[in-house]
1. Among what's in the stretch 144-185 and is among the aromatic types (Phe, Trp, Tyr) and in contact (Cβ under 8 Å) with a residue 60 or more places away in the chain, pick the residue that is farthest from Leu212 (Cα to Cα).
2. Restricting to the stretch 193-213, give me the number of residues that are farther than 13 Å from Tyr63 by Cα and without any contact (Cβ under 8 Å) to a residue 60 or more places away in the chain.
3. Is it the case that some residue within the stretch 139-150 is of a type in the set (S, T, N, Q) and in a helix (DSSP H, G or I)?
4. Mind telling me which of the residues Leu129, Leu124, Leu99 ends up being of a type outside the set (Gly, Ala, Ser), within 29 Å of Lys38 (Cβ to Cβ) and over 14 Å from the mean Cα position of the chain (by Cα)?
5. Identify, please: which residue in the stretch 59-73 is touching a residue at least 40 places away in the same chain (Cβ under 8 Å) and either buried (at least 22 other Cβ atoms within 10 Å of the Cβ) or in contact with a Cys (Cβ under 8 Å, 6 or more places away or on another chain) (or both) and is, among those, nearest to Val139 (Cα to Cα)?
6. Identify the single condition in (1) modelled with pLDDT of 95 or more; (2) under 20 Å from Ser148 (Cβ atoms); (3) not hydrophobic (A, V, I, L, M, F, W, C) that Ser52 does not satisfy, given that it satisfies every other one.
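The values are calculated or read from the model by the stated rules, or taken from the named source; none is laboratory data. These figures come from a predicted structure and were not determined experimentally. Note that we place each Cβ from the backbone using ideal geometry, even for glycine, and neighbour counts take in every protein chain shown.
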Amino acid sequence: MAFGLLWWVGAWYQRQHPVALGGQRQTTGARNLLPNCKGVRGIGLLLLLLFSKYFYLESLDSYYMFYLISRFHVTGQQAQFCLFAFFAAVAVGTIVGGLIGDRVGRRRVILWSILGAAPFTLALPHADLQWTVILVVLVGLIIASAFSAIVVFAQELMPNRIGMVSGLFFGLAFGFGGIGAAILGAMADRLGIQSVFNLCAYLPLLGAVALLLPDATGSRSEAAAH
């Protein structure tokens, strides 16, 4: 069903943008095989932000239930309800982040959705059960809003490589999550689950590198000129 739906979307997109697609094929010359320095630096910074986002989210995805059971001695069913609230917040944050990015700019959304979650993640290891649930919902809502903005920002930095950029960021999103699950699991076995949450609380501080992101509008203008 997903394959059929994507096939239909691809055909619709080709009908809607025949000139844009033809222009992309025509401008794929030797000088456009590699992005410029600004694009490379921007992509590198976005990948670092993606790393911090998904490593932290993985600590919650995989170990939030165990953290609640270990620290607050809740039942498995109660922990599952708390995990559901977190996943619901992530879903809402992903949608809302895209809408806000169209209004206020993607660079601001990226900055505030990752760095803005830091005060809540730093407070989380010291909170009681009620505030832990509230803080995790807020973190999920805020930090999830960055993904769509990161992907679109990367596409704007490399407008002639939209397919490659999309595959890179979606692939690494899952890749960082899988690697993070293994690393954090090994750390939990060695240090304890609470120590893992204490260490991961500092990951959103990497969101400060969003201040160094280049202006993506320049890349769009250069692509249009070519």
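1. Quick first cut of the stretch 144-185, residues among the aromatic types (Phe, Trp, Tyr) only: 147, 153, 169-170, 174, 176.
Filter again for in contact (Cβ under 8 Å) with a residue 60 or more places away in the chain, leaving 147, 153, 169, 176.
Working: Phe147: 18, Phe153: 13, Phe169: 19, Phe176: 22 Å.
Filtering first and then ranking leaves Phe176.
2. Qualifying residue count, the stretch 193-213: 1.
3. Going through the stretch 139-150, the residues of a type in the set (S, T, N, Q) turn out to be 145, 148.
Applying the additional criterion that residues be in a helix (DSSP H, G or I) yields 148.
Yes, there is a match, as at least one residue in the stretch 139-150 is of a type in the set (S, T, N, Q) and in a helix (DSSP H, G or I).
4. Values: Leu129 fails: within 29 Å of Lys38 (Cβ to Cβ); Leu124 fails: within 29 Å of Lys38 (Cβ to Cβ).
Exactly one residue qualifies, and that residue is Leu99.
5. Filtering the stretch 59-73 down to residues touching a residue at least 40 places away in the same chain (Cβ under 8 Å) leaves 59-64, 66-68, 70-72.
Applying the additional criterion that residues be either buried (at least 22 other Cβ atoms within 10 Å of the Cβ) or in contact with a Cys (Cβ under 8 Å, 6 or more places away or on another chain) (or both) yields 59-60, 64, 67-68.
Values: Ser59: 12, Leu60: 10, Tyr64: 13, Tyr67: 16, Leu68: 16 Å.
Once the filter is applied, the top-ranked residue is Leu60.
6. That leaves (1) as the condition not met.
Each row is one residue, and each column tells you yes or no for (1) of a type in the set (Lys, Arg); (2) modelled with pLDDT of 95 or more; (3) in a helix (DSSP H, G or I); (4) within 16 Å of Ile143 (Cβ to Cβ).
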residue	(1), (2), (3), (4)
Tyr56	no, no, yes, yes
Phe81	no, yes, yes, no
Ala85	no, yes, yes, yes
Leu99	no, no, yes, no
